[in-house]
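What follows draws every value from the coordinates through simple rules; no lab data is involved. Note that the structure is a prediction, hence the values are computed from the model and not measured. All Cβ positions, even for glycine, are placed from backbone atoms using ideal geometry, and neighbour counts span all protein chains on display.
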């Protein structure tokens, strides 16, 4: 059997595609073919999607011994952003499943590889409908452009193929988009993907501020924009002003308008409404109520692009609608650990699908929902613990997500105290400068595996509160909450201007301070906030983490004026956080008790 070599591509696009698809070294435990052999047939499909005629480039993997008399379930998959069916990680999906007896159909998403039409960000009406045509092919209802058809996929009824989907990031959201428009999909495994692109790209972690744009995540967004445009990488230090002048050739117009608005740094009410509506329209947040396929969510802890909060929101929404769903928080995500996984984690390059916890869980998921075998698919929730030495014991499991339980209080002397009555009167102040003075990450370095300075905050541009050394280890699993009140007369004067960009922006984060003073920001995760109203208290949801604060360590809660990975405040806006006895700010931590 011959196989084409992957086509060369720009460095950034190649690495992004490989990273986004790399977790996909998984396959259901279908009976393996006698010798693991399979045939690969290159196919083209001409489809109508979103009012356009598009060509889809695909490969069909047919295991030896599978035919009309001995049909098998099918697996449908596509690439991560910037990749194609020919990149090594996406290609590995078809190989892995075919070796285990599944019929595989792996294709390049619209706008990538040799599949044409503009990139439409996994829009259900476009990308989802295009995938539905491939389901017709697997069902024997249509042929490829060259007349090739299939009659060796198990059918649950006329035109209804037994099919699962698996993929990561861009190849993860497409599963939910497809299942929302075509209920023939039988099982989903979306990995390291988004819930709401409005949150992913312009995150506002203030509770109840869903319709207020947050702080633009300019490094990640423009990195993917450049990958989509197939331009050479311009480096992590590319300034937003450089990006504003670039054209937009390979995206649908709504996506181009969104990127231009974000890079402008101005969000007047009329433009903000459009910005959020388009980003949400193409996001699972808008259509999960139509998804019925059993879903196993796998999200990465090391992920500043699509953090654990995104998967949690999808998980809770599907549960609320009665869709069978379970969730795993693995180690690796977009910010590291995907192409270089930790011991015992998924590794596509090895192809040993049975050796990792997540791999075995997906084995069971497809066995249950594609082969309809009565197997245990595991607990509702599982999470990787990097402090456990034995790889075999690094995953803990639970039937529910931990809820915030441990409360610490912000005292006026800059300490975190364990009882409200211990908080003393006082205040902490800071101000922002014209350029960023805090650093969490240079986003693309996680993808490219390049050195990145440790996180830092510049004196005078942040406020921080530090606990006493812990008397025992504290395991935080989930998203901490912080409720506080700030005073900023400058922000109060401008917040009613009608432009969301005039409201106060701050960045909340939680450090682990070791006895020697070394401060660790877990996976470089922070919570950008555009404060809805500085005259009122507000609550911030920090990114979910799985982190052990060791005995003798201290917790430090910080709110900073800026961060280099985001666009922040317009104008100088001094901030004061005052504490009156009996009414301090509160930090709530979801802690696992042993």
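Can you compute the modelled spin-label distance between residue 253 and residue 273, with each label point 7 Å from Cα toward Cβ, in nm?
Here the answer is 2.0 nm between the modelled labels.
Packing-wise, with mean Cβ within 10 Å as the measure, how do 325-335, 569-579 rank, highest first? The partial results should precede the final answer.
Values: 325-335: 25.2, 569-579: 18.8.
Ranking the peptides 325-335, 569-579 by packing returns 325-335, 569-579.
Could you give the length gained on full extension between residue 433 and residue 536, defined as 0.36 nm per residue of separation minus the Cα-Cα distance, in nm? All intermediate terms of the calculation are to be shown ahead of the outcome.
Values: separation 103, 0.36 × 103 = 37.08 nm, distance 2.43 nm.
Length difference between fully extended and current span is 34.7 nm.
In percent, what relative contact order does the chain have, based on Cα pairs under 8 Å that are 6 or more apart in sequence? Each step should come with its number before you reach the end.
Values: 1537 pairs, mean separation 87.1, N = 594.
This gives 15 percent for the chain.
Report the Cα centroid-to-centroid distance between the range 495-517 and the range 389-406 in angstrom, as an integer.
29
If you restrict to DSSP beta bridges whose two residues both lie in the chain, what percentage is antiparallel, to the nearest 5?
Details: 75 of 105 bridges.
Percentage antiparallel, nearest 5: 70.
Take the Cα pairs of the range 323-428, get the Kirkwood Rh, then feed it into Stokes-Einstein at 4 °C and 1.567 mPa s and tell me D in µm²/s. Present the calculation step by step, with values, prior to reporting the outcome.
Numbers: Rh = 17.1 Å.
Estimated via Stokes-Einstein, D reaches 76 µm²/s.
In Å, what is the Rg of the alpha-carbon atoms in the range 116-228, and how long is Dmax?
Rg then Dmax for the range 116-228, in Å: 17.5, 54.
Do the sum for the chain: with -39,500 (n - 2.57) for every DSSP H run of n ≥ 4, divided by all residues, what is the mean residue ellipticity at 222 nm, to the nearest 500 deg cm²/dmol?
Details: 13 runs with 130 residues, N = 594.
Estimated from H runs of four or more residues: -6500 deg cm²/dmol.
Taking 0.36 nm per residue of sequence separation and subtracting the Cα-Cα distance, how much length would be gained by fully extending the chain between residue 340 and residue 578, in nm to one decimal?
81.2 nm
Determine, from the Cβ-Cβ distance of residue 497 and residue 406 and an R0 of 45 Å, the FRET efficiency 1/(1 + (r/R0)^6), rounded to the nearest 0.05. Spell out each step's value before the answer.
Numbers: r = 39 Å, r/R0 = 0.87.
It comes out at approximately 0.70.
Sort out for me the Cα centre separation of the range 410-470 from the range 38-100, rounded to whole Å.
Measuring centre to centre over Cα atoms gives 48 Å.
Grab the alpha carbons of the range 114-167, take their convex hull, and tell me the volume per residue in Å³. Could you put the intermediate results ahead of the total?
Working: hull volume 6.0 nm³, N = 54.
Taking only Cα atoms, the range 114-167 has a hull volume of 111 Å³ per residue.
Remind me, relative contact order of the range 287-372 in percent, using alpha carbon pairs under 8 angstrom and six or more residues apart?
Numbers: 114 pairs, mean separation 23.4, N = 86.
So the answer I get is 27 percent.
Suppose R0 equals 22 Å; then what is the FRET efficiency for residue 483 and residue 418 from their Cβ-Cβ distance, rounded to the nearest 0.05?
Values: r = 16 Å, r/R0 = 0.73.
Efficiency at R0 = 22 Å is approximately 0.85.
Quick one: Debye curve from the C-alpha atoms of the range 406-592, no solvent, what's log10 I(q)/I(0) at q = 0.08, 0.13, 0.15 Å⁻¹?
The Cα Debye sum returns log10 ratios of -0.25, -0.67, -0.89.
Take the range 44-117, drop everything but the C-alpha atoms, weight them equally and run the Debye formula without solvent; then report log10 I(q)/I(0) at 0.16, 0.25, 0.28 Å⁻¹ to two decimals.
Relative scattering, expressed as log10 I(q)/I(0), comes to -0.58, -1.03, -1.15.
Could you tell me the relative contact order of the range 406-592? Use alpha-carbon pairs under 8 Å, at least six residues apart, and round to a whole percent. Write down the numbers at each step before the final one.
On the way: 481 pairs, mean separation 72.5, N = 187.
In percent, rounded to a whole number, it is 39.
Could I have the simple spin-label model distance between residue 551 and residue 473, label points 7 Å from Cα toward Cβ, reported in nm to one decimal?
1.0
What per residue convex hull volume, in Å³, do the alpha-carbon atoms of the range 376-475 yield? Mind dumping the intermediate values first?
Working: hull volume 20.0 nm³, N = 100.
That works out to 200 Å³ per residue.
Once fully extended, how much extra length lies between residue 142 and residue 289, figured as 0.36 nm per residue of separation less the alpha-carbon to alpha-carbon distance?
Taking 0.36 nm per residue and subtracting the Cα distance, the gain is 50.0 nm.
With N set to the number of residues, divide the alpha-carbon radius of gyration of the chain by 2.2 N^0.38 Å and report two decimals.
Working: Rg = 24.2 Å, N = 594, 2.2 N^0.38 = 24.9 Å.
Against the empirical 2.2 N^0.38 Å value, I get 0.97 for the chain.
Looking at the range 406-592, send over the antiparallel percent of its DSSP beta bridges, to the nearest 5. Kindly include the intermediate steps, with their values, before the conclusion.
Working: 49 of 51 bridges.
Bridges in the range 406-592 that DSSP calls antiparallel: roughly 95 percent.
By per-residue mean of other Cβ atoms within 10 Å, what is the highest-first order of 36-44, 162-170?
Working: 36-44: 15.9, 162-170: 28.7.
Order by mean packing, descending: 162-170, 36-44.
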